[in-house]
Amino acid sequence: MREVNVQDVADAVCGMAIDVNLHLSEGYVDDLRRALEREESPLGREVIERIIENARAAREKRLPACQDTGTAVVFAEVGQDVRLVGGSLIDAVNEGVVRGYREGCMRMSIVRDPIERVNTNTNTPAVVHTFIVPGEGVKISLMAKGSGCENMSRLRMLKPSDGEEGVLAFIREAVIEANGQACPPLTLGVGLGGDFEQAALLAKRALFRTPLGAPNPAKHVADLERKIFERVNATGVGPMGLGGTVTALAVHVETAPVHISSLPVALNIDCHAHRHRSVEL
């Protein structure tokens, strides 16, 4: 059985917390450049150009690409043949977030209680999802999730009779409602199936898919991704909600088996500052 010290997890999280906020990946900036070529609105083009310039400035000046450095969302995939040593996995993740956000001079956005709303001043606790997977590896994925786009995410319990058209209509409606509040161009994570909470988790997990826009391996799901992409970009919401032909950069749909009488669909929206990394230990 392989041993992994949780201090390695803390170090990895610290590095990713800084990196995702200061550096939009070059691949993602390339996606923005391709979107610029598709955008027909002069104002929409100007917005995308400024997003690209902002990403360049953040990288060169080592400043956050967005003032909202977000909630730290961590997916930890731990091999069943791994023994974690040196302490608690969750404590290690939170240590890494505290160090990363302090060293990166990033905004602390987490309050201890949703009613009393006193800031923890550490940007913790992180939102941590753990999964036991086969093997001897540990994969830690971190997303800095801004509140503007998270606030516009939605979940609806559809009826099976609503079918694919119901899914398309729900997502289109949600994107129109979000408008500029979610800071488009967007990446859309869609969870389809499972139950109430699994659909939401699938939607969040879908945002981690790489490369951006890679289709779901199931052809019928990839076809649904294409239809959502076309339907959303036909809304005219455009970059930052100012109108245009590029509202979404990508749509990722993840599915799960579902009860015969249910059709849950969750939409987790990510903004133009699409920030995530993964490390394998």
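The values are calculated or read from the model by the stated rules, or taken from the named source; none is laboratory data. This is a predicted model, so every value here is computed, not measured. Quick reminder, even Gly has a Cβ in these numbers, built from the backbone with ideal geometry, and neighbours come from all protein chains shown.
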May I ask you to list the residues in the stretch 140-187 that are at positive phi and surrounded by 15 or more Cβ atoms within 10 Å (Cβ to Cβ)?
ASN179, CYS183
Identify all residues within the stretch 244-278 that are within 24 Å of GLU39 (Cα to Cα) and of a type in the set (Lys, Arg); write none if there are none.
ARG275
Given the structure, is GLU103 in contact (Cβ under 8 Å) with a residue 24 or more places away in the chain and surrounded by 18 or more Cβ atoms within 10 Å (Cβ to Cβ)?
no
Filter result (of a type outside the set (Gly, Ala, Ser) and touching an Asp or Glu at 6+ places or on another chain (Cβ under 8 Å)) within the stretch 171-208
LEU186, THR187, LEU188, VAL190, LEU192, LEU202, ARG205, LEU207
If we scan the stretch 164-175, do we find a residue that is outside any helix (DSSP H, G or I) and of a type outside the set (Val, Ile, Thr)?
no
Pull up the stretch 225-281, narrow it to residues that are out of contact with any strand residue (DSSP E or B) (no Cβ under 6 Å at 6 or more places or on another chain) and among the hydroxyl-bearing types (Ser, Thr, Tyr), then point me to the one that is nearest to ASP68 (Cα to Cα).
THR247
Do we have any residue at all in the stretch 226-245 that's more than 24 Å from VAL74 (Cα to Cα), surrounded by 24 or more Cβ atoms within 10 Å (Cβ to Cβ) and small (Gly, Ala, Ser)?
yes
Which one is farthest from VAL190 (Cα to Cα) among residues in the stretch 136-160 that are assigned to a loop (DSSP other than H, G, I, E, B) and under 14 Å from the mean Cα position of the chain (by Cα)?
GLY146
Scan the stretch 199-209 and give yes if some residue there is surrounded by 14 or more Cβ atoms within 10 Å (Cβ to Cβ), at pLDDT 95 or above and either in contact with a helix residue (DSSP H, G or I) (Cβ under 9 Å, 6 or more places away or on another chain) or among the polar types (S, T, N, Q) (or both), otherwise no.
no
